[in-house]
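Down below is the structure, laid out as structure tokens.
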């Protein structure tokens, strides 16, 4: 019995030994990749195709999905709320990205030269990045309350400025949500800008000084052009972040998500509500396809800008 | 030693010019403004409900009553445990699989390697929001709703981590791996014992990013959990705060409890975290 087992076991061992080194390594490689391939196929690619398919159906969790062609898309493009949401999403993007990048570049530029208490000051800017948006949404929400609760209105009234409605106003709410979103991301952008600044070889600056260029000329002619890869990365990274904004909006407007009057509602919140409050899964899938398309365009633009440089 | 300190001294002296002093002061003020929300959050969490309307930053009579009140019903401890367990498990999984795949793509020659690499990289273009509906369907069919696995499974491997690790493994000299092969080590051991220790900075960057991302994750946990025992801390804080309505001192206490752990970790590991973010940002 024991000897029979031993012979059986020797079979595969001998087979393995007979393989040459190259073949063995190929087998190792596919063994390493086996589980990841199943993961990426089952949890990334299949769901992606499924999302496209569902966007063409009327699936609502109760009845089985039925193919309805492009009806979801027609419904979406005819829906004024969708266009309002589309506009909001782009407002988050076209205000949030430039504002946060300009602020973080200026801070990184000066912070990079600071020696005294450098890591302490850097930590002050970096700390908000480590917070949870869900928790900070509530802190900022409290900040925006009217007197006698809210800190900002309390400060405004103490210096004699009129009360502001902030989150309660159709005009101010979106900006009131943008501020914490920008605030939370600054620390990351500053750190990345500083890393980019340090990667510029010192000889460039020395050469420029020998040529008699001033600080401003050096910034314009050397620092900013050489920082382009970093800047492009941050533009794309933060654009994607603002296009996908959700946590802050959801938590700062819980009693009327995306309100008042949809003034703050971004695309992802609309997707969430369509799918998980009204259970119109097919319609929500169509909205995710729109989000996908927008993000794809942003990513392709990045590739285009980077290629142009070479 | 003396060289360095002379240089430092010179650098410090260069800092002492009027323009520099103004820039430094403005940076410090800006930094203090940045942490004002956090300071107010902590300060209010130490106030009684009667003192909330007093907007002084330093509470007149600081008290930990709010923390005792919030902790006493046990939910926060449960959410804290859930978040820690989930973030740790997902981080370990990413460190293991992203490194393994990154290493395989960087160091093995086989047909289809480039295709696999492109396929994984292309998933970076797919936003989570597009996948949540199919994931939700999958989870409800397989009974994964309201489970740790249901919260964790989408993030067990990431293209970002794989790409990052591949970049770093490409820098590992082949000689070391060949020497180990001559010594008769198998490929798994070579990866784990020889290659992995050579990319520790990248591993720590990946671990920091994955942990932080999962610790603060909100969208998917909000969708996949409906029973309160399974909430993660961010989802728990959100639901707790909505319930607490206008008891701002309790809401601030909940928010503070979600913030304290990451702040503590940061204070302990500041240098590594900043370096890790720089590494990930530059290579990624």
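Read the figures in this text as sums done on the coordinates, not as results from a lab. Given the structure is predicted, the values throughout are model-derived calculations rather than measurements. Every residue, glycine among them, receives a Cβ derived from its backbone with ideal geometry; neighbour counts consider all protein chains shown.
Helix content alone sets the calculated 222 nm mean residue ellipticity of chain A: runs of n ≥ 4 DSSP H residues at -39500 (n - 2.57) each, divided across all residues, give -22000 deg cm²/dmol.
Each Cα pair under 8 Å and six or more residues apart adds its separation to the average, and for chain A the resulting relative contact order is 26 percent. Computed from the C-beta positions of residue B:188 and residue B:229, the FRET efficiency with R₀ = 35 Å rounds to 0.40.
By the gyration tensor of its Cα atoms, with a ≥ b ≥ c the square roots of the eigenvalues, what is the shape of chain B: rounded for a/c under 1.5, prolate for a/b over b/c, or oblate? Oblate, because a/c is 1.5 or more while a/b does not exceed b/c. If I build a Gaussian network model for chain A, linking alpha-carbon pairs within less than 10 angstrom, which residue out of A:93, A:300, A:291 has the largest mean-square fluctuation? Looking only at A:93, A:300, A:291, the largest GNM fluctuation is found for A:300.
When chain B is treated as a GNM with alpha-carbon contacts under 10 Å, the residue of B:213, B:50, B:102 showing the greatest mean-square fluctuation is B:50. Rounded, prolate or oblate for chain A? Axes are the square roots of the Cα gyration tensor eigenvalues, ordered a ≥ b ≥ c, and the cut-off for rounded is a/c under 1.5. Here chain A falls in the oblate category. Both the radius of gyration and Dmax for region B:123-212 are 17.8, 50 Å, in that order, over alpha-carbon atoms. Which residue, A:21, A:294, A:192, has the most motion in a Gaussian network model of chain A that connects Cα atoms within less than 10 Å? Per the Cα network of chain A with a 10 Å cutoff, A:21 tops the list.
At q = 0.20 Å⁻¹, what is the log10 ratio I(q)/I(0) for region B:34-113, with the Debye formula run over Cα points and no solvent? Summing over Cα pairs of region B:34-113 leads to -0.94. Computed from the Cβ-Cβ distance with R0 of 51 Å, the FRET efficiency linking residue B:243 to residue B:200 stands at 0.70. Suppose R0 equals 60 Å. What FRET efficiency, 1/(1 + (r/R0)^6) with r the Cβ-Cβ distance, do residue B:58 and residue A:21 give to the nearest 0.05? So the FRET efficiency works out to roughly 0.30. Which of rounded, prolate, oblate describes the protein assembly as shown, given a ≥ b ≥ c as roots of the alpha-carbon gyration tensor eigenvalues and a/c under 1.5 marking rounded, otherwise prolate only if a/b is larger than b/c? Note, shape of the protein assembly as shown comes out oblate. Taking 0.36 nm per residue of sequence separation and removing the Cα-Cα distance, the residue A:169/residue A:224 pair yields an extension gain of 15.9 nm. Here the residues B:162, B:189, B:210, ranked from fewest to most Cβ neighbours within 10 Å of their Cβ, fall in the order B:189, B:210, B:162.
Label positions at residue A:256 and residue B:48, each projected 7 Å from the Cα along the C-beta direction, are separated by 3.6 nm.
Based on Cα contacts under 8 Å between residues 6+ apart, region B:69-283 shows a relative contact order of 33 percent. Only helices enter the 222 nm calculation for chain B: every DSSP H run of n ≥ 4 contributes -39,500 (n - 2.57), and dividing by all residues gives -23500 deg cm²/dmol, rounded to 500.
Potential lengthening of the chain between residue A:277 and residue A:113 amounts to 54.0 nm, from the contour at 0.36 nm per residue minus the alpha-carbon distance.
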